[in-house]
Amino acid sequence: MCLTVFRRSCSVGVAVRGALLLVGTLAFVLGDTQWGAGEPTGDAYVQATETRVDFVHEIAPVIQKRCGECHVGHRAEAGLSFNTRQSLLKAEVIVIGHPEESELVRRISSNDPDERMPPNGPPLDPQTIEKIKLWIAQGAPWEEGYALSPQENQTEPPLKLAEVTIPPADDEVTHPIDRLAREYFRTHNMTFPQVVDDQTFLRRVGFDLVGLPPTPEEVAGFLADSASDKRDRWVRRLLDDRTAYADHWMSFWNDLLRNDYTGTGYIDGGRKQISAWLYQALYNNMPYDEFVRELVAPSSPESEGFMRGIKWRGNVNASQRVELQFAQTTSQVFLGINMKCASCHDSFIDRWKLTDAYGLAAIVAEEPLEIHRCDKPTGQMATPHFLYPELGDIDPNQPPQERLKQYARLLTVADNGRTSRTIVNRIWHRLMGRGLVHPVDMMSQPAWSPELLDYLARYLVDHKWDLKELIYHICTSRIYQAVCDESATPGEEKYVFRGPLPRRITAEQFCDTVWRLMGNSPAKPAFNPPVADRKADFVRASLTAADAFQLALGRPQRDVVVSTRPEVITTLQALNLSIGPRLHEDLEAGARNLLQKFADKPADDLVRHIYLMTLTREPTPAEKQVLTSVLNIESLDIPARNLEAAHVEDLLWMIVMLPEFQTIR
């Protein structure tokens, strides 16, 4: 919170002292909240590029291929092990945020054959060295729980879903998910975590299902309801709000399907939106198996943009041809497989070969496709081929459209548990903060509970691939409603599930909550959903073009598949939140709007409204005492019309800066 001293220092005056007082007092009242500030980063280096390094796809394969023989698995020559981030840091060969001070960078950049690493084979190429330097500068991000291991130790679960026996219920644990979780806790000598209070539940499930916390009226009505099934009914109510559900989940699917409203390729025809089709699919709750088939083998032009990919201008690497993009995106999105490495050469992190990637690419190819290894032609032509021939294969004699239909069918056939597990894992990650399998795009990794994963995958298939039913089933469990696990630490070598993890709200959730509170959302969206009976109170951020503020808060540039967003706050985000012009303008206009709305009411009503709309609770007596200083008044009983807009603006800013606001618990 030290950045608050820079907050509009030229114009705040006395009010900022009150705001600073609020920070200190609220920190004392609420307690210290863990907030992912991360480790220091080399800002000058990072600012040279906005591209975030993808550890799993860009760094791990290099380590596995070039360093694995000596520094992965049981081997740790010179005390260096790349098995986990923790083991790497223990070796003290990198200085987080400072590649120029890191021994690893010095050794891989050395021209001295006695010093250079790796010692065997050609030196790392300059592009790879720069990527490693940038990775270190960005804090050496490492997928939590991800561990490198010798390839011979890697196994995959069977394709077919297991028949899971649900443990018996007892007086306290009746939900099937909870019964499986209870057995896991017993195995690990842990007790089942307590369930959160109603207000915490309302805020969590609101953000998760429709992207917004509840209104004060909704909170009051829920708290007054004494029925034992009120939480189940509330989950159903949120899922039945077709507009709010579709508006919110557009962000998740736009990220995953690399769809957007503006950006690379849209102007020159090298890329095509699927926005209208996608929104209608979410609005109408299209069954997921049908959803997959329509994306892979489109029956209309509206959904073909995903499988067509991006036709990059100029000369591109062979692995970035649209046919190879098809192989990479469909395998990653629907099967949780990293095919990027295998698009250039046999993978160093799993079992997939160059011929596997080209086999998928050949499914969509309009003409014979020559295999290139490391961008060099091999003279060998690719044959259309499915990754799991035990389920069936692709007829190479059929035209592309028929081959695509065959591929789509194989992806969604009942015995292909990989597809159902992958989407179940993505939804669990979205709702719980971490997947049953981690990372979500490495589905060959073991699940912390294979039984729960297969139970949920079977549940989805048995309920006709209805994602809303899956979400309802998860959200009505006690484990979803349990208190968050605050003890999890990034980089722990063996993950143990203890309950949901705290999560940062997304850029869209931040904007939507602020815009709804302050009544100043954009005048019109970048994308207007083509749904006649759609009813919306304001323009949602998911339907707007990404501006600098949303990008700073983690909304991605969607020219690649994005399955997860960073949980660690960056310097750029902190600066945009503290002194960025966009948030200042929103808060300034919002303060005026709120003062006009509450002009004839006590200031206490205004304060309570702000708290309930953002934190889903009322201010405590201790906080109210501090708020009088922030608003520069003697009592909250005075009419709100007597408040100064600048003071209200500072109050709003301090609230949205709180970790309590920016975190889903």
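The values are calculated or read from the model by the stated rules, or taken from the named source; none is laboratory data. Source: prediction; values computed, not measured. Virtual Cβ from ideal backbone geometry, glycine too; neighbours counted across all protein chains shown. Surface accessibility is based on the protein's heavy atoms, side chains included, excluding ligands, DNA and RNA. Shrake-Rupley method; radii C 1.70, N 1.55, O 1.52, S 1.80 Å.
Computed from Cα positions, the angle between helix 242-256 and the longest principal axis of the chain comes to roughly 40 degrees. Relative to the longest principal axis of the Cα atoms of the chain, the long axis of helix 603-615 lies at roughly 10 degrees. Per residue, the accessible area of the chain comes to 43 Å² when a 1.4 Å probe rolls over the protein heavy atoms. Sites listed here are GluC sites (Glu not before Pro) in the stretch 482-577 whose DSSP assignment is loop and whose Cβ has at most 11 other Cβ atoms within 10 Å: Glu493.
Multiplying the residue separation of Arg582 and Asp232 by 0.36 nm and subtracting their alpha-carbon distance yields 122.2 nm. For Lys597, the solvent-accessible surface with a 1.4 Å probe is about 130 Å², rounded to the nearest 10. Summarising the amide proton neighbourhood of Asp485: residues at separation of 5 or more, or on other chains, whose placed amide H is nearer than 5 Å comprise Leu501. Stretching Phe348 away from Thr191 to a fully extended chain increases their span by 52.5 nm, per 0.36 nm per residue minus the current alpha-carbon distance.
Computed from the C-beta positions of Ala169 and Glu390 and an R0 of 51 Å, the FRET efficiency is 0.90 to the nearest 0.05.
Taking the helices alone, the chain has a mean residue ellipticity at 222 nm of -13000 deg cm²/dmol, built from -39,500 (n - 2.57) per DSSP H run of at least 4 residues and averaged over all its residues. Going down the list Lys65/Lys376; Lys131/Lys353; Lys311/Lys535; Lys340/Lys524, which pairs span over 28 Å between their C-alpha atoms? Going by Cα-Cα distance, Lys311/Lys535; Lys340/Lys524 fall outside the 28 Å limit. Could I have the simple spin-label model distance between Lys535 and Gln401, label points 7 Å from Cα toward Cβ, reported in nm to one decimal? Distance between the two pseudo-spin positions: 4.1 nm. Straightening the chain between Thr571 and Asp240 buys 115.3 nm, computed as 0.36 nm per residue apart minus the Cα-Cα spacing. Relative to the longest principal axis of the chain, what angle (0 to 90°, nearest 10) does the C-alpha long axis of helix 14-30 take? Around 70 degrees separate the two axes.
What whole number of Å gives the distance from the Cα centroid of the stretch 618-646 to the Cα centroid of the stretch 329-344? Cα centroid of the stretch 329-344 versus Cα centroid of the stretch 618-646: 55 Å apart.
Listed values for the stretch 476-483 are Karplus-derived 3J(HN,Hα) couplings in whole Hz (6.51 cos²θ - 1.76 cosθ + 1.60, θ = phi - 60°), namely 8, 7, 5, 5, 5, 8, 6, 4, and x replaces Gly and Pro.
Using the Karplus relation 6.51 cos²θ - 1.76 cosθ + 1.60 with θ = phi - 60°, the per-residue 3J(HN,Hα) values for the stretch 432-442 come to 10, x, 7, x, 4, 10, 9, x, 5, 9, 10 Hz, with x marking Gly and Pro. Contact order, relative form, for the chain: 18 percent (alpha carbon pairs under 8 Å, 6 or more residues apart, mean separation divided by residue count). Spin-label model, Glu217/Ser110: points 7 Å from Cα along the beta carbon direction are separated by 7.1 nm.
Take the Cα radius of gyration of the chain and divide it by 2.2 N^0.38 Å, with N its residue count; two decimals is plenty. Please list the in-between numbers first.
Values: Rg = 26.0 Å, N = 665, 2.2 N^0.38 = 26.0 Å.
Expressed relative to 2.2 N^0.38 Å, the Cα Rg reads 1.00.
Grouping the Cα pair distances of the stretch 170-296 into 10 Å bins from zero gives a pair-distance distribution of 10, 28, 27, 23, 9, 3, 0 percent in increasing distance order.
Rounded to whole numbers, the Karplus 3J(HN,Hα) couplings from phi for the stretch 114-130 are 7, 10, 4, 10, x, x, 9, x, x, x, 4, 6, x, 5, 5, 4, 5 Hz, using 6.51 cos²θ - 1.76 cosθ + 1.60 with θ = phi - 60°, and x at Gly and Pro. Legend: translational diffusion of the stretch 486-645 by Stokes-Einstein, Rh = Kirkwood radius over C-alpha pairs, 37 °C, 0.692 mPa s; D = 176 µm²/s.
Taking amide H positions as modeled 1.01 Å from N, with prolines and chain starts lacking one, the residues under 5 Å from Ile664 and 5 or more places away or on another chain are Arg503, Arg504, Ile505.
Taking the Cα centre of the chain as reference, the dipole from Cβ charges on Lys and Arg (+1) and Asp and Glu (-1) amounts to some 640 debye.
Eigenvalues of the Cα gyration tensor times 5, then square-rooted: what semi-axes does that give for the stretch 538-615, in whole angstrom, largest first?
Numbers: eigenvalues 189, 38, 33 Å².
For the stretch 538-615, the semi-axes come out at 31, 14, 13 Å.
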